[in-house]
Amino acid sequence: MTTEQKQLVTATVPVLREHGVLLTTHFYNRMFTHNPELKHVFNMGNQQNGKQQTALAMAVLAYAEHIDNPAVLMPVVDSIGHKHTSLDIRPEHYAIVGKHLLASISEVLGDAATPELLEAWAVAYQQLAAIMTGHEQHLYTKQVSKNAGWTGWKPFIVKQKIKESSEITSFYLYPADGGDVADFLPGQYISLRLFLPELNLLQPRQYSISCAPNGKYYRISVKREAGASHPDGLISNRLHDHIQEGDVVELSAPAGTFTLHENTSRPKVFISGGVGQTPLMAMLEELTAKQTDTAITWVHGCRNEAVHAFKDRLTQLADSYSNLNHHIFYDQPEIQAQYTGWVDLSKIKAAVLQADADYYICGPAPFIAKHYGFLVENGVDTASIHFEEFGPASLQLNN
């Protein structure tokens, strides 16, 4: 890009800050009108709730703000790249997206979208697409280099369907070809694709793998969402209500950057809310299976005992691993609880604040923001705090 083109892109930052979601909403409407086949690729639930439009607006803004040095965005590029490979996004998709994004800039900005500005954004987008497709090709290559690795969509059989609580059910997924499963890092997710009759679409959803790597199967633990038409629950509720043992589903290879760090000498503190414990459970099973003597603190919150998934599993792991301490909060306890109310780290400050600990937080965005804030306020280095927000990213806490 020329210096003048970078200046033109940078000049659009105030507009993107104020009207970014308007632009991305127009973009998605335009793209799905002209390329309806992409509705099978994108999560239409996130279109309904507006999360995808907001996430894209934030990404476009961040790119414009750092157009002089896009390398600083590599952690974001890595995270998005993992999400894209889990959805089988390929270089040809970038050409379609670029076409509609540039047209949307022209249509939304009107007379302000001069030929020079559009050309600057065209060059900027080509640069971004080259960065993304290059990184994603690297990720695809890593996938197929693994034993039993693959790219794209692969059939798996639901061999077990086990109810973990009144809301959460686990699905044990084995390759339909009878082979091994590719290894993964504890904390990663898989994409699962089903046909939704109510939308007449194939739809993908990401689910954390809730077990440690074992070479035989993946386990996902899925929460039923209230309301049959809840956009976030179209796939989840169909899994609960229609998918039975013996049925076949399609999966993409494990992906994700929220993973257990290999350094087992540092204490680990896991903080979760509701179904947010699923990636942390994979990490916990991995650590306890290795009997590393790593100090582990498990903090979890949910409504009550009835919805508390993996309660017995946690007790089992604590009995077999002496260096595991757990603190459970029920905000609507039906019987006496260990702690009553929402998760409050100040109540267990001595247990949580440990020298040189690694912290892993997973749950809804407000849950993450609250506990991240508590840790930072109490002197924890942000580099030691790792978090995963389910769905398109809206938190920017490590910036």
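The values are calculated or read from the model by the stated rules, or taken from the named source; none is laboratory data. Nothing here was measured: the structure is a model prediction, and the numbers come from that model. Note: ideal-geometry Cβ built from the backbone for every residue, glycine included; neighbour counts use all protein chains shown.
I'd like the full set of residues that are within 19 Å of Thr85 (Cα to Cα) and in contact (Cβ under 8 Å) with a residue 24 or more places away in the chain, limited to the range 46-67. Walk me through it before giving the result.
Here is the first cut: in the range 46-67, the residues within 19 Å of Thr85 (Cα to Cα) are 46, 52, 55-56, 59.
Those that are within 19 Å of Thr85 (Cα to Cα) and in contact (Cβ under 8 Å) with a residue 24 or more places away in the chain: Asn46, Gln52, Ala55, Leu56.
Search the range 28-41 for residues being within 23 Å of the chain's Cα centre (by Cα) and in contact (Cβ under 8 Å) with a residue 40 or more places away in the chain, and hand back the single one that is surrounded by the most Cβ atoms within 10 Å (Cβ to Cβ).
By that ranking, first place goes to Val41.
Identify all residues within the range 329-366 that are in a loop (DSSP other than H, G, I, E, B) and hydrophobic (A, V, I, L, M, F, W, C); write none if there are none. Step through it out loud before you land on a result.
Quick first cut of the range 329-366, residues in a loop (DSSP other than H, G, I, E, B) only: 331-338, 341-344, 353-357, 364.
Ile335, Ala337, Trp342, Val343, Leu353, Ala355, Ala357, listed by residue number.
His261 passes all but one of (1) touching a Gly at 6+ places or on another chain (Cβ under 9 Å); (2) modelled with pLDDT under 95; (3) closer than 30 Å to Val77 by Cβ; which number fails?
Single failed check for His261: (1).
Collect the residues in the range 235-263 that are over 20 Å from the mean Cα position of the chain (by Cα), farther than 11 Å from Leu194 by Cβ and either hydrophobic (A, V, I, L, M, F, W, C) or not assigned by TED's automatic domain parsing to the domain that holds Ile220 (or both), keeping them in residue-number order.
Residues satisfying the conditions are Glu262, Asn263.
Having 1 or more residues that are of a type in the set (Ser, Thr, Tyr) is the bar; report the strands (runs of 3 or more DSSP E) wholly within the range 129-237 that clear it.
Numbers: elements: 154-163, 168-175, 189-196, 201-208, 218-223.
In the range 129-237, the matching strands (runs of 3 or more DSSP E) lie at 168-175, 189-196, 201-208, 218-223.
Evaluate the range 271-290: report whether one residue or more is touching a residue at least 12 places away in the same chain (Cβ under 8 Å), exposed (fewer than 15 other Cβ atoms within 10 Å of the Cβ), in contact with a strand residue (DSSP E or B) (Cβ under 8 Å, 6 or more places away or on another chain) and not in a helix (DSSP H, G or I).
Going through the range 271-290, the residues touching a residue at least 12 places away in the same chain (Cβ under 8 Å) turn out to be 271-290.
Now drop any that are not exposed (fewer than 15 other Cβ atoms within 10 Å of the Cβ), which leaves 289-290.
Still in the list and also in contact with a strand residue (DSSP E or B) (Cβ under 8 Å, 6 or more places away or on another chain): none.
Checked the range 271-290: no residue is touching a residue at least 12 places away in the same chain (Cβ under 8 Å), exposed (fewer than 15 other Cβ atoms within 10 Å of the Cβ), in contact with a strand residue (DSSP E or B) (Cβ under 8 Å, 6 or more places away or on another chain) and not in a helix (DSSP H, G or I).
Does Thr259 satisfy the criteria of being polar (S, T, N, Q), part of a loop (DSSP other than H, G, I, E, B) and buried (at least 16 other Cβ atoms within 10 Å of the Cβ)?
On the way: polar (S, T, N, Q): yes; part of a loop (DSSP other than H, G, I, E, B): yes; buried (at least 16 other Cβ atoms within 10 Å of the Cβ): yes.
So Thr259 fits the description; yes.
Any chance the range 95-115 includes a residue that's surrounded by 16 or more Cβ atoms within 10 Å (Cβ to Cβ) and farther than 24 Å from Pro36 by Cα?
yes
Which one of the conditions (1) modelled with pLDDT under 90; (2) closer than 27 Å to Ala255 by Cα; (3) of a type in the set (A, V, I, L, M); (4) out of contact with any strand residue (DSSP E or B) (no Cβ under 9 Å at 6 or more places or on another chain) does Met31 fail to meet, given that it meets all the rest?
That leaves (1) as the condition not met.
What pairs come up if the first residue lies in the range 334-348 and is free of Cβ contacts under 8 Å to residues at least 40 places away in the same chain and at positive phi, the second is in a loop (DSSP other than H, G, I, E, B) and surrounded by 13 or more Cβ atoms within 10 Å (Cβ to Cβ), and their beta carbons are under 7 Å apart, counting only those six or more places apart or on different chains?
Gly341/Asp331
Which residues, taken from the range 308-333, are in contact (Cβ under 8 Å) with a residue 60 or more places away in the chain and closer than 22 Å to Lys370 by Cα?
Step one: of the range 308-333, the residues in contact (Cβ under 8 Å) with a residue 60 or more places away in the chain are 308-311.
Across the range 308-333, the qualifying residue is only His308.
Select from the range 204-248 the residues that are acidic (Asp, Glu) and surrounded by 13 or more Cβ atoms within 10 Å (Cβ to Cβ) and write down the one among them that is modelled with the lowest pLDDT. Break it down into steps so the answer makes sense when it comes.
If we filter the range 204-248 for residues that are acidic (Asp, Glu), which is where we start, we get 225, 232, 241, 245, 247.
Right, trim to surrounded by 13 or more Cβ atoms within 10 Å (Cβ to Cβ) and you get 225, 232, 247.
Numbers: Glu225: 84, Asp232: 60, Asp247: 97.
By that ranking, first place goes to Asp232.
A quick yes/no check of all residues on (1) in the same structural domain as Leu56 (by TED's automatic domain parsing); (2) among the hydrophobic types (A, V, I, L, M, F, W, C); (3) modelled with pLDDT under 95; (4) exposed (fewer than 13 other Cβ atoms within 10 Å of the Cβ):
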site: Ile296; (1), (2), (3), (4): no, yes, no, no
site: His308; (1), (2), (3), (4): no, no, no, no
site: Ser320; (1), (2), (3), (4): no, no, yes, yes
site: His327; (1), (2), (3), (4): no, no, no, no
site: Lys349; (1), (2), (3), (4): no, no, no, yes
site: Ala355; (1), (2), (3), (4): no, yes, yes, yes
site: Cys362; (1), (2), (3), (4): no, yes, no, no
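Quick check on the range 74-82. Is at least one of its residues crowded, with 20+ Cβ neighbours inside 10 Å, of a type outside the set (Gly, Ala, Ser), in contact with a strand residue (DSSP E or B) (Cβ under 8 Å, 6 or more places away or on another chain) and in contact (Cβ under 8 Å) with a residue 12 or more places away in the chain?
yes
In the range 44-59, what residues are farther than 18 Å from Val76 by Cβ, touching a Pro at 6+ places or on another chain (Cβ under 7 Å) and surrounded by fewer than 20 Cβ atoms within 10 Å (Cβ to Cβ)? Outline the logic, then answer.
Residues of the range 44-59 that are farther than 18 Å from Val76 by Cβ, as a first pass: 44-45, 47-50.
Pick out the ones that are also touching a Pro at 6+ places or on another chain (Cβ under 7 Å) and you get 45, 48-49.
Gln48, Asn49 - these are the residues of the range 44-59 that are farther than 18 Å from Val76 by Cβ, touching a Pro at 6+ places or on another chain (Cβ under 7 Å) and surrounded by fewer than 20 Cβ atoms within 10 Å (Cβ to Cβ).
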